[in-house]
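The next block holds one structure in the form of structure tokens; read it before the comments.
The values are calculated or read from the model by the stated rules, or taken from the named source; none is laboratory data. If you're wondering where the values come from, they're calculated on a predicted model, not measured in any experiment. All Cβ positions, glycine included, derive from the backbone under ideal geometry; neighbour counts span all protein chains shown.
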Amino acid sequence: MSEKKPRVFSGIQPTGEPHLGNYLGAIKQWVKGQDEKENFFCIVDLHSLTVPYDPEGLRERTRKLASVLFAAGIDPDKSVLFIQSHVSAHAEACWLLNCVTPLGWLQKMTQFKDKSAKQESIGTGLIDYPVLMACDILLYNADEVPVGDDQKQHVELTRNIAGRFNNIYGETFAMPAPVIPKVAARVMGLDDPMAKMSKSSSSVRGHAVGVLDDPDEILYVFKRAKTDSYNEIRFSDEEDRAGVNNLLSIYQAITRKSKGDVEADFANARGYGDLKVGVAEVVIDALRPIREESGKYLDDPVALDAMLARGAEQAREVAMPKLREMQEKMGLIMGL
Ligand code: TRP
């Protein structure tokens, strides 16, 4: 008998344009692991309501992100890709877990502290964000949760919530483990290599490379990338060499070469100009097929929505019984 495949759950927010950091840090890893694992990939639109946004833009970005994911190689015959709000169990479970999560745990989350410092008025959804994320993971009994290192704390919180629920109501949830990619866990901004490439800053030209950007734009942004004055092409964790390190890390994540081989590829470079063009070229080649393929999905939203509906159906088959189990254990009367 074949062994049971580990179950993976991961989520990505439809805020801003999908960029190179999303591609290398999440999307590429998701595509790669499809055969060995049982996968649930979720476009977490409810999470995107926790900070100010434009409703029409959200709808558009959600479809765009879905197209990019399918175009990048998420195969609906191997993985379940769905939109969070299509599976109502997520929001329902969130209420139930809210009632077992101490507020103090949420107030300690660094991401909440960062985000709330930037906003004048904070919606309750922002502090509750990690509980919704815990529901995403726990409804599927996920073993592994691929995330960027900034989300590790949320996965740890998820384990604490699961442990508390199991303690109070009896064994219900599996303990998920965060899985953080070794290479390119964090793609940094090209204009500011001390800040993670992010979708909120990606409207600033020069900060991020969009997955759907055309080759000229990608080359332009790389050419302007911040470097230093050492004129030395090597990996480094020194702060003032972070720009060059980021460029080399991007190149490494795409080519999957060792650090030594990456440095060797640039041994004959005449300077940072050659480095920037060399990195831009591998990025352009990696993103070209995704941009071309995603157009097919975007041009046919009816077909795209049908693919997402199928994903939601498959997700519900797993999430609904888990929600029922929670309701039952918490003392609710099962409706007919
Ligand atoms: N908070 C995650 C991020 O910003 C997205 C997310 C939501 C997620 N739910 C999840 C990631 C569940 C992993 C598992 O990157």
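Worth pointing out:
- Set side by side, the residues Asp228, Asp261, Asp237, Asp214 differ, and just one is over 25 Å from the mean Cα position of the chain (by Cα) and surrounded by fewer than 14 Cβ atoms within 10 Å (Cβ to Cβ), which is Asp261.
- Filtered by the rule that a residue be within 12 Å of the ligand (Cβ to nearest atom) and either under 15 Å from the mean Cα position of the chain (by Cα) or in contact (Cβ under 8 Å) with a residue 60 or more places away in the chain (or both), segment 151-184 gives Gln151, Lys152, Gln153, His154, Val155, Pro176, Pro178, Val179, Ile180.
- Among the residues of segment 163-177, those that are surrounded by 13 or more Cβ atoms within 10 Å (Cβ to Cβ) and either assigned to a loop (DSSP other than H, G, I, E, B) or assigned by TED's automatic domain parsing to the domain that holds Ser236 (or both) comprise Thr172, Phe173, Ala174, Met175, Pro176.
- Total residues in segment 120-147, condition within 12 Å of the ligand (Cβ to nearest atom) and either farther than 15 Å from His47 by Cβ or assigned to a strand (DSSP E or B) (or both): 6
- When residues of segment 1-22 are limited to those that are of a type in the set (Ser, Thr, Tyr) and within 25 Å of Asn141 (Cβ to Cβ), the one farthest from the ligand (Cβ to nearest atom): Ser2
- Residue satisfying all of: in segment 29-66; within 13 Å of the ligand (Cβ to nearest atom) and part of a helix (DSSP H, G or I); surrounded by the fewest Cβ atoms within 10 Å (Cβ to Cβ) among these: Leu49
- Qualifying residue in segment 221-229 (condition: touching a Phe, Trp or Tyr at 6+ places or on another chain (Cβ under 8 Å) and of a type in the set (Ser, Thr, Tyr)): yes
- Residue check for Leu69: surrounded by 21 or more Cβ atoms within 10 Å (Cβ to Cβ), assigned by TED's automatic domain parsing to the domain that holds Glu156, more than 19 Å from Ser198 (Cα to Cα) and touching a Leu at 6+ places or on another chain (Cβ under 7 Å): no
- Within segment 229-260, being closer than 19 Å to Leu24 by Cα and either basic (Lys, Arg) or free of Cβ contacts under 8 Å to residues at least 12 places away in the same chain (or both) holds for Arg256, Lys257, Ser258, Lys259.
- Filtered residue count, segment 127-141, keeping only those that are touching a Lys or Arg at 6+ places or on another chain (Cβ under 8 Å) and surrounded by fewer than 20 Cβ atoms within 10 Å (Cβ to Cβ): 1
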